[in-house]
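Worksheet for the structure shown next.
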Amino acid sequence: MNAGEPAVLGNDRDAAAPDPIVVRLLQRMVQTSEDNADQLISAIQRVARELSSLSFGFNSHLIRAGIRSVDLQALDAQLDEASAVLSRTVFNLQHRLLHDGQILRPLVRIFEVTDLEDSRPAIVRLREKIDAYCDTLEREYEGIRETLAGLCYRLALTGNNIEITACRACAGDVSAPVDIFCVMASQIRTLADRLRNATADLRVFQQSQNGYAESLRAALLHGSQGAAA
């Protein structure tokens, strides 16, 4: 056996026709990632834009109403903070989802392209990359979901507090525009509900990708056992 033979054998293994089930599962993972990159980001971006607008509007109404309330000013600051946190989270999610596509798309062609730096069979490299992807999926998406879930709670609580505090601050003044603050409180609670739904969709996305990955591992194991037989 000459020195060139191992490389040739490795290339032959990589060039072998992959299991159609494996290819299909990889394609589904890519498609799921691309679909969610559009849907999830769009849904949360809309909430972020509306929250930013409400935060700005709350401050403006507070100034125009001439209401001097330390508690309402504190709630105004909480709205600003929540808006900033949500904007950063949207950016992180967008970056994560786009990075998913960059990770998954090359895997569809892993049986067609020889890795000159890794002579292991494509089936081994694919299994390793899928495991690494799932580890990152669980770790990074879990952090994003926890942040979003915390924001849902904070927004709902802030909406309730705005309504209660505005009513107290305007008590005894029939001309005080308390209704506008009650409307804004309701809108904030609605945003909290929409963000909660988007967070649930993110969880479904995680579960779908993990499900495809588990099926992919089973298909790869079956293929390796069949090759050994």
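Note on the range 77-88: residues that are surrounded by fewer than 19 Cβ atoms within 10 Å (Cβ to Cβ) and in contact with a helix residue (DSSP H, G or I) (Cβ under 8 Å, 6 or more places away or on another chain) total 4. Of the residues making up the range 97-105, none is farther than 20 Å from G211 by Cβ, assigned to a helix (DSSP H, G or I) and small (G, A, S).
The C-beta contact set for the range 206-220 (first residue crowded, with 16+ Cβ neighbours inside 10 Å and modelled with pLDDT of 90 or more, second residue of a type in the set (G, A, S) and part of a helix (DSSP H, G or I), distance under 9 angstrom, 6+ apart or interchain) comprises Q209/S33. Checked against the criteria, L62 does not count as in a helix (DSSP H, G or I), more than 18 Å from the chain's Cα centre (by Cα), crowded, with 17+ Cβ neighbours inside 10 Å and touching a residue at least 24 places away in the same chain (Cβ under 8 Å). Quick check on R127: is it surrounded by 13 or more Cβ atoms within 10 Å (Cβ to Cβ) and under 14 Å from the mean Cα position of the chain (by Cα)? No. Candidates are the residues of the range 157-181 that are among the acidic types (D, E) and more than 12 Å from L72 (Cβ to Cβ); the one that is modelled with the highest pLDDT is D179. Note on the range 153-163: residues that are surrounded by fewer than 22 Cβ atoms within 10 Å (Cβ to Cβ) and of a type in the set (A, V, I, L, M, F, W, C) total 2.
The values are calculated or read from the model by the stated rules, or taken from the named source; none is laboratory data. These numbers were taken from a predicted model, which means no experiment stands behind them. Note: ideal-geometry Cβ built from the backbone for every residue, glycine included; neighbour counts use all protein chains shown.
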